[in-house]
């Protein structure tokens, strides 16, 4: 085997120009495959990561009984809030654990009235992870010492015909089901490029919500933000063990429509990724077929010298595997380096602004990402394809009579 390997390696570089062309072509193919993988995964993380941030965090902890009445956004005070927050912060995947009051209500101006989701937040904790705080279109985000201040979306502001500095009336249900009303000052307007989401959510400070809804020093949920989408199950399992008296949900259970959207997009991107890989594989196979068919006369010489058909075929199969292995290794290193660079600086996609909800959620920059397992699988795939591409012509030529192979043009 050692002698066969040495002979195959010498044969690979005997015609170094042909080998270099094959290597460059396959390396470029590997780099493009990895770049495509990274962009697909990066766009998924951007879209669904931002969607999760938009709708309340990756994981949400509520009091027992909330899940059955979730559609009504009930005001069920959460016991042992400090213990819940501490348990969340003990998980390495957790970026932030924010206390919230989340309920439904009505907002009105002189011109219109709309039902909205009213969210009381701690601005200091929420600002670093809030998609709304990141997309302030007018005015500013809430501050900890704000009193009768409200932060609304552009879509809602347009419907109400209000701007920063105008007054609106907020009406909601308190803990004991009595109606509470408060006049609020619009201090900021967020602009997500998602009119429906902008019309549906308004934000006030947590102390203001506690006063308005008669929930002194209480909250109704703890919203937990994670490093990336996909870590929810691990964190939920750890929290369930630490907080057995609470209901722990993720966006998958509280927002099933988002899960359906993700599954649909994952199916599409998986199919698209398969098509890209398939096209790349055809290119690699075509290259290897041409390289091996060109050496049919060489196979005839080897057969005339006494090598058996299986030995000739094994030698060329080993050569194809070596070319594939070297190409896959070089392509993986270059592809990983390119993805690490792009993952740090990002890709400007601001030109897609206004093309739809998906592009709005992606933001102005996309950061490609890929795992080492994905890189390894692509490298193995390319190596196998190169070997298989060399197998057929080697088998065909090795079964020709030596005289016929020698006269091959």
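We did not get these values from a lab; they are worked out from the coordinates using the rules stated. Note that the coordinates shown come from a computational prediction; the quantities given were computed from them, not determined experimentally. For neighbour counting, all protein chains shown are included, and Cβ atoms are generated from backbone atoms with ideal geometry for every residue, glycine included.
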In what sequence do 103, 178 fall when counting other Cβ within 10 Å, fewest first?
178, 103
Once you have a ≥ b ≥ c as the square roots of the Cα gyration tensor eigenvalues for the stretch 19-90, tell me rounded if a/c is under 1.5, and otherwise prolate or oblate according to whether a/b is larger than b/c.
prolate
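Which of the peptides 130-137, 11-18, 239-246, 380-387 is most tightly packed, and how do the rest follow, going by the mean number of other Cβ atoms within 10 Å of each residue? Mind dumping the intermediate values first?
Details: 130-137: 19.1, 11-18: 13.2, 239-246: 14.8, 380-387: 20.6.
The densest-packed peptide leads the list: 380-387, 130-137, 239-246, 11-18.
Can you classify the stretch 57-254 as rounded, prolate or oblate using the Cα gyration tensor, where a ≥ b ≥ c are the square roots of its eigenvalues, rounded means a/c under 1.5, and otherwise it's prolate if a/b beats b/c and oblate if not?
Numbers: a/c = 1.96, a/b = 1.52, b/c = 1.29.
Prolate is the answer for the stretch 57-254, as a/c is 1.5 or above and a/b outweighs b/c.
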How many angstrom separate the Cα center of the stretch 147-190 from the Cα center of the stretch 1-37?
65 Å
Using Cα centres only, tell me the gap between the stretch 230-249 and the stretch 41-111 in whole Å.
13 Å
Relative contact order for the stretch 36-115, counting Cα pairs under 8 Å that sit 6 or more residues apart, in percent
19 percent
Relative contact order of the stretch 57-254, pairs being alpha-carbon contacts under 8 Å that are 6 or more residues apart, as %
35 percent
